[in-house]
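No value in this document is a laboratory result; all are computed from the given coordinates. Since we're looking at a predicted model, the values are computed, not measured. With ideal geometry, Cβ positions are generated from the backbone for all residues, glycine too; neighbour counts draw on all protein chains shown.
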């Protein structure tokens, strides 16, 4: 069941909350969705034309980003309200290589999971949750892109071909840095849920959460 956020006297689901913040961050950072995408490029084209212009078609598809927005939104919502089946046991430190785990696996689905969870971890760690996110620059961008590319390849192998999800992973691989920067902008907005300063000790956070729970119980 989705967790609800109460903002400005209105209640939003986790999905709509994160979607609104992500889309607004894209607009305000001058990186709107689907920039350069031509929705009618392939309309009424012959198979011969499509075969001849395959690269143009592929480049155009890469500019379609509604699927990316949905992927990021649902991933953030799952972080807030994780599914029982979520598997984070494969996550490695940023300084390590997830490939060292994958190399010992024989099942393409398991290899896909290794690279996907580590790619997602890097995306959100570098974009939102690292206390040093604003000074890291493009550190680990290549690694994040490589993880998403490996996840896409493993997924296609596991499912016997291309899918909507493998397309999304390939787009994230090619433009990993772009989406990290959008998340950083999202984090740094003064009105954003992720505008943290990370100056609290763990003991202070525990006490804060305890007091917050008490206040919530009083309001109920």
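Overview of results
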| read-out | value |
| --- | --- |
| Listed peptides 41-49, 61-69, 147-155, 13-21 by packing density, highest first (mean Cβ within 10 Å) | 147-155, 13-21, 61-69, 41-49 |
| Most to least packed among 166-174, 113-121 [average Cβ atoms within 10 Å] | 113-121, 166-174 |
| Projected label distance in nm at residue 34 and residue 132, using a 7 Å step from Cα toward the beta-carbon | 4.0 nm |
| Difference of contour (0.36 nm per residue) and Cα-Cα distance, residue 159 to residue 103 | 18.2 nm |
| Cα gyration tensor shape for segment 65-134, rounded if a/c is under 1.5, else prolate or oblate | oblate |
